[in-house]
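Working notes, beginning with the structure itself.
The values are calculated or read from the model by the stated rules, or taken from the named source; none is laboratory data. All values reported here derive from a predicted model rather than from experimental measurement. In this analysis, Cβ positions are derived from the backbone assuming ideal geometry, glycine residues included, and neighbour counts consider all displayed protein chains.
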Amino acid sequence: MRAHYLQHVSFEGLGSIAPWLESAGYALSSTRFFESPDLPEIEQIDLLVIMGGPMSVNDENMFPWLVQEKRFIRETIETGTPVLGICLGAQLIASAMGAKVFRNPQKEIGWFPVTRVPSSDTSAFLFPESAMVFHWHGETFDLPSGAVHLARSQGCENQAFQIGESVIGLQFHLETTPESVRELISHCRDELVPSRCIQTEMAMLSVDASRFKTINTLMDDFLHHLVSSDADH
């Protein structure tokens, strides 16, 4: 089995996703758009993971590879291959499937709770009633056509969605580790202006280690859900 991930900047990597994929027996490959926009043949991959980044999905003039990337995401979804998008990755899925991506009323940066949106769809991931998760985003999206709304927060209505059984978009970062938080702060410190939904560096980094373990476990659950749904077909 082969898992391929799309990485947009050097400081937003797989985090806790990498050890899960390796323990599940996946061979890993990647497209690092900041180095080269080369993409694999869709038939060669069994799982696609789309990471975050500070750019907008609408910045096609500045980053021409976004056009190619969105086409690749849409075509991968159409084959039924499991797809997971995180932050920018979720926005790219939404855009690739025809939904609008736009500036959220406020940025969300730091640890803030998200809550479950009840759904009668039995194929949808059962999000916890509430979870304290890590955020770093300034844009949001309309839900793609046919998507199931999984989670919301006070600062952002559309925090998570699922399309069919094998596509999930998460606005927040469950893969986050202490190292990845430090990397984000180092590269994006200019975004840390006082606001209701923006925490200080100290607040983000001073949480107990169990906070990271909890969100990483939830990330594992999402991955297991995607892979299990695919194995049923």
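Output the residues belonging to the range 19-33 that are closer than 30 Å to residue 100 by Cα and either modelled with pLDDT under 95 or surrounded by fewer than 16 Cβ atoms within 10 Å (Cβ to Cβ) (or both). Residue satisfying the conditions is 29 alone.
Of all residues in the range 147-163, those that are at pLDDT 95 or above and either under 17 Å from residue 199 (Cα atoms) or not hydrophobic (A, V, I, L, M, F, W, C) (or both) total 8.
Looking across the range 66-104, the residues that are crowded, with 18+ Cβ neighbours inside 10 Å and either more than 24 Å from residue 159 (Cβ to Cβ) or among the hydroxyl-bearing types (Ser, Thr, Tyr) (or both) come down to 72, 76, 81, 95.
Of the residues that make up the range 128-144, is at least one among the small types (Gly, Ala, Ser), surrounded by fewer than 24 Cβ atoms within 10 Å (Cβ to Cβ) and in a loop (DSSP other than H, G, I, E, B)? No: zero hits. Residue 156 versus (1) part of a loop (DSSP other than H, G, I, E, B); (2) over 20 Å from residue 53 (Cα atoms): which is the lone unmet condition? That leaves (2) as the condition not met. Yes or no: residue 108 surrounded by 23 or more Cβ atoms within 10 Å (Cβ to Cβ) and among the charged types (D, E, K, R)? Spelling it out, residue 108 is indeed surrounded by 23 or more Cβ atoms within 10 Å (Cβ to Cβ) and among the charged types (D, E, K, R). Consider the range 46-57 and keep the residues that are touching a strand residue (DSSP E or B) at 6+ places or on another chain (Cβ under 7 Å) and either assigned to a loop (DSSP other than H, G, I, E, B) or acidic (Asp, Glu) (or both). The one that is surrounded by the most Cβ atoms within 10 Å (Cβ to Cβ) is 52. Applying the selection to the range 164-190, what residues are hydrophobic (A, V, I, L, M, F, W, C) and touching a His at 6+ places or on another chain (Cβ under 8 Å)? Those that are hydrophobic (A, V, I, L, M, F, W, C) and touching a His at 6+ places or on another chain (Cβ under 8 Å): 168, 172. The condition (being over 23 Å from residue 173 (Cβ atoms) and part of a helix (DSSP H, G or I)) is satisfied by just one residue among 43, 22, 60: 43. Taking the numbered list (1) crowded, with 22+ Cβ neighbours inside 10 Å; (2) at pLDDT 95 or above in turn, residue 166 passes all entries but (2).
Enumerate the pairs (first residue in the range 88-106 and farther than 10 Å from residue 57 by Cα; second residue anywhere and surrounded by 14 or more Cβ atoms within 10 Å (Cβ to Cβ) and of a type in the set (Asp, Glu)) with beta-carbon separation below 7 Å, excluding pairs fewer than 6 apart on the same chain, so at least 6 apart or on different chains. Between residues of the range 88-106 that are farther than 10 Å from residue 57 by Cα and residues that are surrounded by 14 or more Cβ atoms within 10 Å (Cβ to Cβ) and of a type in the set (Asp, Glu), the close pairs are 99/142; 103/139; 104/139.
The residues on offer are 180, 166, 186, and the sole one that is of a type in the set (Gly, Ala, Ser) and more than 17 Å from the chain's Cα centre (by Cα) is 186.
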